[in-house]
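The structure under discussion appears below in the form of structure tokens.
The values are calculated or read from the model by the stated rules, or taken from the named source; none is laboratory data. Only a predicted model underlies this, so the values are computations on that prediction, with no experimental measurement involved. Cβ sites come from the backbone with ideal geometry, for glycine too, and all protein chains shown count toward neighbours. For accessibility, only protein heavy atoms count, side chains too; no ligands or nucleic acids. Shrake-Rupley method; radii C 1.70, N 1.55, O 1.52, S 1.80 Å.
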Amino acid sequence: MKTYIIDALNVIHISPNLRQLLNNSKENAVSALCSEISGYLKRYPSYKAMIIIDGAAGNLNKYNQNISLIESQNNTADNKIKEIIEKSQNKSSFIVVSNDTEVYNYAKMNVVTVMTSTDFIKIISEYSPNVPINSKGNSSGKRNKKEKPNSPTKKEMLEFKELFSHKDNLDIGY
């Protein structure tokens, strides 16, 4: 199961539509981001998202049970993300979404997958039922794109090797 750890304001500042909402209200921008992420999570119900918000955010609608809103309170979102990584026992399931170099490098040092905010916006906007929020402000129209398949398991590799490693199974004229 994947768990995205998302620096909310970092992602919001990448999207022109969300940035415009942020000018009016941080709560509206974060709620719109949650709505977009919810559309993506409906496609992949085993995934989760932790949205880290700088400071306090007030009363927000998170739109999906697999979304956790975490306020950093008197801390920064960057430090809260590092704290989550540090305390976690299963770092391999995390994907940190941030353009912040320090957070990006800290996550990589801890063997956590990282993704830029721009790439994340592109992914979620493909599955969004609402107004597109990609960095160009337009819809890609590719809502049925399938996720890359998982790597083969060890058992599958052994079966493959057994099927194709015997010379007598191959009729190639040697």
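Of all residue pairs spaced 6 or more apart or on separate chains, those with beta-carbon atoms under 7 Å, a first member in segment 106-126 that is within 24 Å of Glu83 (Cβ to Cβ) and a second member that is among the hydroxyl-bearing types (Ser, Thr, Tyr) are Val111/Ser92; Val114/Tyr104; Ser117/Ser98. Scanning segment 22-54 for residues that are touching a residue at least 40 places away in the same chain (Cβ under 8 Å), over 16 Å from Leu69 (Cβ atoms), open to solvent by 40 Å² or more (accessible area, probe 1.4 Å) and of a type outside the set (Gly, Ala, Ser) yields Lys42, Arg43. Scanning segment 1-13 for residues that are at pLDDT 90 or above and either touching a His at 6+ places or on another chain (Cβ under 8 Å) or of a type outside the set (Lys, Arg) (or both) yields Thr3, Tyr4, Ile5, Ile6, Asp7, Ala8, Leu9, Asn10, Val11, Ile12, His13. In segment 14-54, of all residues being touching a Lys or Arg at 6+ places or on another chain (Cβ under 6 Å) and not β-branched (Val, Ile, Thr), the one that is modelled with the lowest pLDDT corresponds to Cys34. If you filter segment 97-126 down to residues that are of a type in the set (D, E, K, R) and assigned to a helix (DSSP H, G or I), you find that the one that is nearest to the chain's Cα centre (by Cα) is Asp119. For segment 146-156, the criterion of being among the basic types (Lys, Arg), assigned to a loop (DSSP other than H, G, I, E, B), at pLDDT below 75 and surrounded by 10 or more Cβ atoms within 10 Å (Cβ to Cβ) is met by none of the residues.
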